[in-house]
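Here it is: the structure, laid out below.
Only the coordinates and a few stated rules stand behind these numbers; no lab work does. None of these values were measured; they are calculated from a predicted model. Methodologically, a virtual Cβ is constructed for each residue, glycine included, from the backbone with ideal geometry; neighbour enumeration extends over all protein chains shown.
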Amino acid sequence: MNTTALSSGPAASPTATARGMRVSGWFITLAVALALLFVAELSLGSVAIPLGAILEMLTTGSTDQRVWQDIVMGFRLPRALNALCSGAALGVAGLLLQTLFRNPLADPFVLGIVHGARLGSAVLVTFAGVVGNAFLLRYGLMGDVGLAVASICGSAAVLGLLALLSRHVGTVTLLIIGLMLGYLAVGLISVLMHFIDETQARAFKAWDDASFAGATWQQLRILIPGIGIGLAACTLLVKPLNGLLLGERYAASMGMPVGRVKRGALLVTAWLSGLVSAFCGPVAFLGLVAAQIARALMRCADHRVLLPAAGLVGAVLGLAADLVLHLPWSRHVFHLNAVIGLVGAPTALYMLYRTRALHKVD
C-alpha cells in the first residue's frame with residue numbers, strides 16, 4: 001500500500017522527511033486559504049465592509065455600524081459557515097465513494113445520491129401537504145429535522161442499490177447506472193409535483209436549487225453538528241479504509257470485517273450527502289474535485305492524510321465558489337453548480353482520459 005509516513009526523528013529517512021514536509025506545507029497552505037476566503041466572504045459583496053469591522057464582529061459579536069452587523073450576522077456569516085462545513089462534508093463523501101467503489105469519478109452528484117436525497121425530501125413535504133419553506137415554517141425545528149432525516153434516507157436508498165449493483169458491473173457501467181438513477185429520481189419528483197398546487201411547486205423549485213445561501217441559523221444548528229458527527233465517524237474508518245486498498249480478500253484474511261466496514265462507510269456517506277442536500281440542494285461535482293485535488297497535492301493513498309485533506313479542499317472550494325457568486329457583479333447570473341462545474345467537468349474529463357475508461361469494455 002502506498003502511504004505517506006509523517007514520521008520524524010533520526011530514524012526517518014530523507015524521503016519520508018521530505019514527504020512529511022510537503023504534506024505539512026500543503027495543510028498549512030489550505031488552512032491559510034480557508035481563513036482568507038472565510039474573511040473575504042464576510043467582507044466582500046454589494047456592500048464592502050472593512051476588515052477591522054469584520055474582525056471586531058467575529059471576536060465580540062457586534063460593531064458600531066448596525067447595518068454592517070445585520071448584513072454579516074444575518075446573511076454572510078450563515079452562508080460562509082454553510083459553504084465551509086458543507087464543502088468539507090462533500091469532499092470527504094467524495095473520497096469515501098471513490099475508495100469504496102474504486103472509481104476516481106465517484107461523487108454524490110454523479111452517482112445520483114443527491115437526487116435520491118432530493119426525492120426523499122420531496123416525498124416528505126408532499127405528504128405533509130406543504131413544500132420547501134412552508135414546511136419548515138409550519139413545523140419549525142421538527143420540520144428541519146424531518147427534512148434532514150428524509151434526505152438521508154433517500155441518499156441511503158440510492159447508495160444501497162449502487163452497492164449491490166457494484167458487485168456485478170464495472171466502473172463505467174456503475175457511473176451510467178448512477179446517472180440513470182438520478183434522472184429517475186428527478187422524474188419521480190416531477191410526478192410528485194402534480195399532487196401539489198402551482199404555488200407550492202414554485203416554492204419547491206426555488207428550494208431545490210443548489211445554494212449555500214438559503215440555510216437559516218436554526219438549520220445550521222442541525223447541519224453543523226450533524227456534519228461534525230459524520231466527520232468524527234470517519235476517524236474510525238481510517239485504518240479499515242487503508243486495509244481495503246490492499247483488496248477485500250486480503251483485508252478479510254487479516255481479520256477485518258469487510259462487510260461491516262463497507263456498510264459503515266456507506267452510512268457515513270449517506271449521512272453527509274443527505275444532510276448537505278437537505279439544506280443546500282443538489283451541489284454538483286464538489287466531492288469529485290475535492291478528492292482528486294487532495295490526492296494530487298498529497299501524492300499518497302493514506303486516508304490519515306487524504307480524509308482531512310479532502311475536507312479542507314472541499315471547504316476551500318465551497319467558500320471560493322460561493323464568493324464568486326456574491327461578488328458585486330453588475331448582473332447576478334451565476335449559479336453555484338455552474339461555477340463548480342467550470343472546474344468539475346474538466347476534472348472529470350481528465351480523469352476519464354487518464355484512466356482510459358472510455359476505451360475499456362466492462
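For region 218-269 and region 152-183, what is the centre-to-centre distance using only Cα atoms, to the nearest Å?
Spelled out, the Cα-based centre of one part sits 18 Å from the other.
Once you list every other residue whose beta carbon is under 11 Å from the beta carbon of C300, what net charge do they have if Lys and Arg are +1 and Asp and Glu are -1? It would help to have the intermediate numbers written out before the result.
Values: positive: R19, R22, R295, R299, R304; negative: D302.
Neighbourhood net charge equals +4.
Given 37 °C and 0.692 mPa s, compute D for region 16-359 with the Stokes-Einstein relation, Rh being the Kirkwood radius over Cα pairs; round to the nearest whole µm²/s. The partial results should precede the final answer.
Details: Rh = 20.7 Å.
The diffusion coefficient I find is 158 µm²/s.
Based only on the alpha carbon positions, what is the Kirkwood hydrodynamic radius of region 303-346, in angstrom? Numbers along the way, then the final one.
Details: mean 1/r = 0.0855 Å⁻¹.
So the Kirkwood estimate lands at 11.7 Å.
Counting Lys and Arg as +1 and Asp and Glu as -1, what is the net charge of the other residues whose Cβ lies under 15 Å from the Cβ of R249?
On the way: positive: R102, R167, K262; negative: E248.
Within the 15 Å Cβ shell, the charges total +2.
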